[in-house]
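First comes the structure, then the notes that go with it.
The values are calculated or read from the model by the stated rules, or taken from the named source; none is laboratory data. None of the values given here were measured: they were computed from a predicted structure. Cβ: placed from backbone, ideal geometry, glycine included. Neighbour counts: every protein chain shown.
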Amino acid sequence: MPILGEIAAAAAARLQGCNPATVITGVAPLSSAEPGQLSFLTHSRYRPFLATTRAAAVILAPADAVDCPAPALVAANPQIAYARAAALFEPAPETRRGVHPTAWVSPTAQVAVDAWIGPHCTVEAGAIIEAGVIIGPNCVIGEQALLGVGTRLVAQVTICHRARLGQRVLVHPGAVIGSDGFGLALDDDGRWLKIPQLGSVQIGDDVEVGANTSIDRGALEDTIIENGVKLDNQIQVAHNVQIGAHSALAGCVGIAGSARIGQHCRLGGGVGVAGHLEIADRVQITGMSLVAQSITQPGAYSSGLTVEPNRVWNKISARLRRLDELFRRLTALEQILNHRHSPQASLQDHKD
Amino acid sequence: MPILGEIAAAAAARLQGCNPATVITGVAPLSSAEPGQLSFLTHSRYRPFLATTRAAAVILAPADAVDCPAPALVAANPQIAYARAAALFEPAPETRRGVHPTAWVSPTAQVAVDAWIGPHCTVEAGAIIEAGVIIGPNCVIGEQALLGVGTRLVAQVTICHRARLGQRVLVHPGAVIGSDGFGLALDDDGRWLKIPQLGSVQIGDDVEVGANTSIDRGALEDTIIENGVKLDNQIQVAHNVQIGAHSALAGCVGIAGSARIGQHCRLGGGVGVAGHLEIADRVQITGMSLVAQSITQPGAYSSGLTVEPNRVWNKISARLRRLDELFRRLTALEQILNHRHSPQASLQDHKD
Amino acid sequence: MPILGEIAAAAAARLQGCNPATVITGVAPLSSAEPGQLSFLTHSRYRPFLATTRAAAVILAPADAVDCPAPALVAANPQIAYARAAALFEPAPETRRGVHPTAWVSPTAQVAVDAWIGPHCTVEAGAIIEAGVIIGPNCVIGEQALLGVGTRLVAQVTICHRARLGQRVLVHPGAVIGSDGFGLALDDDGRWLKIPQLGSVQIGDDVEVGANTSIDRGALEDTIIENGVKLDNQIQVAHNVQIGAHSALAGCVGIAGSARIGQHCRLGGGVGVAGHLEIADRVQITGMSLVAQSITQPGAYSSGLTVEPNRVWNKISARLRRLDELFRRLTALEQILNHRHSPQASLQDHKD
């Protein structure tokens, strides 16, 4: 178990009022932390808890460190400091190397000597598994797929043929990378003919892919996920989508084919993005919104409506359907009134 | 095959006009039931079918039993009675015990003697598999995970490290329980640093988890699914969510981090729930609605809009974007009219 | 590698200005095609590229072939021609036959001699695997399931007991076919009792099922997916749904129980369809719309709202909640004005 001095070093934080030799046994919220545990203050709203917390030390910002009654680890960006400190308490990473006896690895696959291929994995012909890669149980790596240095597939992940993942990519269970795009041609009888999906998927470094998320391969060119992109669970990324570096997409987002999302974007849960459009850099979309045209300016965008009691909502919804009528009725009134309001009109009016 | 008397006993139903010794060969809808089959009437709307059904017996409510022309199994709650009767016609449950020769079980995992671990399963170190657990093919059980008495994983399920499932939990294929929450800290360069997800998932007794549903582990404390919760397919449950006992969530629901859903709630398909809010007990949300603030009172809530022909919808949608203008124009009219309508104003008016 | 003459034959296209003996090395977009590659023009908008493309031949429509400066493959339906031509460039299909040594196949399963069962697959008792079926790695085939001639499961697919797939069905990774429907009965204490799901799933010929899509088995009768239906990724199909032939559903669609969708329909991404309703043939639904009542006429329907900047949207959203008030205020104004506007009213008016 780490001591406070080590944690401070890892978190690039300054110790205030605490002994660097204190052994820290775990991490806990301010209100429930026990002696020996590390805690954190990420919002000033919770400052009152500083007076009563039993935590051995609290990670906080310089502004909150002034007159802080609790022992503190002071950091310019407490969230980053916390992330670094907490990493010291994660279960030890896999240290196994080699291929589990129940895995099947094609003789033409290349597996680095210090990589780990877990139970019941299948690694197909020509796949390349680079140094330090950890493949958890029951994963499938397709032909000629590439997993870059230090990449980790947690379990039950499918990487289809020729998909290429960069370094330190983390893929959660049930994710599918490189499935066929939804490419169909309509014949003269109204039947669908499959358009072969000849492209693949390129995933950059430090990307995270959530549980049960799927990323389709390109129709002809590749689907591209740039460095540092973070994808939550249950996301659908269609063929030939591009997601710019350091963008983060929350759960259940769906992105249609050939959409291009900029860098440093944030999409809330359940957002839908139509195909063949572009979203500029640094755009934020509120959850459950629909993007159906390109967005050219950075900023925050929404189209979601939040719940009302049914009785209220039914009325709103019914009125909404009569919105066109409403505009017409309003315009009619305006015409009558403008008519009256102009001097001549008024005269006319007074005559009748 | 069961006889009617056994079915009546299992369903706590009263026989009316039928022979308890009749052998029942299966279950079918009223209109298509053949002689020897059991049927049911769950809505009075279908009563006319009672006169013509060929079913050997029909499960129905006392009110529908009056003058019922068909042989009947009368039950206060026909849906519950049907559920119990139909259970007699399910394929015999697995009676296998032990570990399939193709499964891999860590030597430090504890597996009850009457549990079953199917083909190609992986059970990691320290996992605990209690009595009567049935693990179907190709499942992964992470380190120190716990499956309570009588729990069943159908196939291809992933239970991540330290997740704890109660008794008689049923998990459908592709579900992932205990994947990392989507916890990220933004550094000064706009890059995301992963916040370790140190919590886990606790699932109560008699919970059902649908196909391809994912439930993330907590950031620090646990994600909690209480007893009797029923989750349909393709649901996303983010880190530190709490779902109260006996709530039922339909397919494609997405719940953001730290949301707390009460007991006996029902969420329709595709509902989105934002993070860090609370939904009271006995709240019902219509499908495809968005909950973005806490709901403190029981009742039914909605925010979904239903389709119109494009021509109509495009007009509504365009008008909606001018709603603010509409309010202003209306207010302007009101000011003119109120002005005129007051006696002095009218006088003024008449002077010009 | 195929020559142009072969491609023209496969695509039922006419050669114009090119040598049928030219060897074609691959497929590429007009703007990036290199000599020796095949390209295509699916929209006249891109015609200017014809003058500069280096492609060995371009698939295009007769109208675009007039005065075409590039060598061309002229086809009445260029999309269909392209799909057929591109198929020649797909990686060679699996030619393996038999059962991989790491797969487990029940002795009572029937497997055609020329079928392939990949690594770590599980094939349960009584399953029938017909001729030419290809089952990729880590799939699970439940008891008495049926895979028709030429069907292919890519990897990590789960086919539950008794589900029946037709011929040439293609199922992508993570898909689940035949999981239990979400059937629940409420007891008098507000607890859910599972209703056994005794039906199954029938899937026709030439159906495609996307990655991580789930299709539930019927409660009593079967869930039915007719011939030629194309389902994208992350779709939820509930119990007893019927999807008519040649309909195509984009990613993240959710369909509630017992909904019936017609033939030749197209549903955009994220569309939600409520239960127990019918959608006529040849209906198109725009992405992220909600269908809550039956649709009886073919045509295009929508209910999605697209994003605005937050500042604008917040105003619209607030105004929307006051829509009922707006109608009342408008009606009040109309009454005042109609009152005044009618001759008698005007007289009255002038008197005060």
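Quick rundown of the values:
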quantity	calculated
Given (1) within 12 Å of chain A (Cβ to nearest Cβ); (2) surrounded by fewer than 18 Cβ atoms within 10 Å (Cβ to Cβ); (3) touching a residue at least 12 places away in the same chain (Cβ under 8 Å), number of the condition C:A33 does not satisfy	(2)
Cβ-Cβ under 9 Å pairs, at least 6 apart or on other chains, segment B:76-101 side at positive phi, far side among the aliphatic types (A, V, I, L, M)	B:G98/B:V111; B:G98/B:V113; B:G98/B:A115; B:G98/B:I117
Yes/no for B:L220 being touching a strand residue (DSSP E or B) at 6+ places or on another chain (Cβ under 9 Å), within 9 Å of chain A (Cβ to nearest Cβ) and not in a loop (DSSP other than H, G, I, E, B)	no
From C:I255, C:I235, residue being free of Cβ contacts under 8 Å to residues at least 40 places away in the same chain and either under 26 Å from C:V149 (Cα atoms) or not assigned by TED's automatic domain parsing to the domain that holds C:T158 (or both)	C:I235
Selection status of B:A211, more than 16 Å from C:I195 (Cα to Cα) and more than 13 Å from the chain's Cα centre (by Cα)	no
The one condition in (1) of a type outside the set (A, V, I, L, M, F, W, C); (2) more than 7 Å from every other protein chain (Cβ to nearest Cβ); (3) in contact with a helix residue (DSSP H, G or I) (Cβ under 6 Å, 6 or more places away or on another chain) that B:D187 fails to fulfil	(2)
Of the criteria (1) farther than 17 Å from C:I3 by Cα; (2) part of a loop (DSSP other than H, G, I, E, B), which one C:A21 fails	(1)
Qualifying positions in segment A:247-267 - within 10 Å of chain B (Cβ to nearest Cβ), surrounded by fewer than 24 Cβ atoms within 10 Å (Cβ to Cβ) and part of a loop (DSSP other than H, G, I, E, B)	A:Q263, A:H264
Enumeration of residues in segment B:76-102 that are of a type in the set (A, V, I, L, M, F, W, C) and farther than 22 Å from B:G150 by Cα	B:A76, B:A81
Condition met for C:T306 (facing another protein chain (nearest Cβ under 7 Å) and β-branched (V, I, T))	yes
The lone exception for A:A92 - which of (1) in a loop (DSSP other than H, G, I, E, B); (2) among the small types (G, A, S); (3) over 30 Å from B:G142 (Cβ atoms) it fails	(3)
Output for segment C:287-303, where each listed residue is on the phi < 0 side of the Ramachandran plot, facing another protein chain (nearest Cβ under 7 Å) and either assigned to a loop (DSSP other than H, G, I, E, B) or touching an Asp or Glu at 6+ places or on another chain (Cβ under 8 Å) (or both)	C:G287, C:S289, C:A292, C:Q293, C:Y301, C:S302, C:S303
Residue that is nearest to B:A219 (Cα to Cα) [pool: residues in segment A:43-59 that are under 29 Å from the mean Cα position of the chain (by Cα) and surrounded by fewer than 16 Cβ atoms within 10 Å (Cβ to Cβ)]	A:H43
Of residues in segment B:309-325 being in a helix (DSSP H, G or I) and facing chain C (nearest Cβ under 7 Å), the one farthest from C:A318 (Cα to Cα)	B:N310
Members of segment A:139-164 that are buried (at least 24 other Cβ atoms within 10 Å of the Cβ), under 24 Å from the mean Cα position of the chain (by Cα) and over 18 Å from A:V113 (Cβ atoms)	A:C139, A:V140, A:A145, A:L153, A:V154, A:A155, A:Q156, A:V157, A:T158, A:I159, A:C160, A:A163
Residue under evaluation A:N310, criteria (1) surrounded by fewer than 24 Cβ atoms within 10 Å (Cβ to Cβ); (2) touching a residue at least 24 places away in the same chain (Cβ under 8 Å), criterion not met	(2)
A:V99 vs. criteria surrounded by 24 or more Cβ atoms within 10 Å (Cβ to Cβ) and under 24 Å from B:T122 (Cα atoms)	no
Subset of segment C:205-217 (residues that are touching a strand residue (DSSP E or B) at 6+ places or on another chain (Cβ under 6 Å) and assigned to a loop (DSSP other than H, G, I, E, B))	C:V207, C:G210, C:A211, C:N212, C:T213, C:R217
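Residue by residue, here is whether (1) in contact with a Cys (Cβ under 7 Å, 6 or more places away or on another chain); (2) in a helix (DSSP H, G or I); (3) at pLDDT 95 or above holds:
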{"residue": "A:T42", "(1), (2), (3)": "no, no, no"}
{"residue": "A:R45", "(1), (2), (3)": "no, yes, no"}
{"residue": "A:P48", "(1), (2), (3)": "no, yes, no"}
{"residue": "A:I59", "(1), (2), (3)": "no, no, yes"}
{"residue": "A:A63", "(1), (2), (3)": "no, yes, no"}
{"residue": "A:D67", "(1), (2), (3)": "no, no, no"}
{"residue": "A:A70", "(1), (2), (3)": "no, no, no"}
{"residue": "A:L73", "(1), (2), (3)": "no, no, yes"}
{"residue": "A:A81", "(1), (2), (3)": "no, yes, yes"}
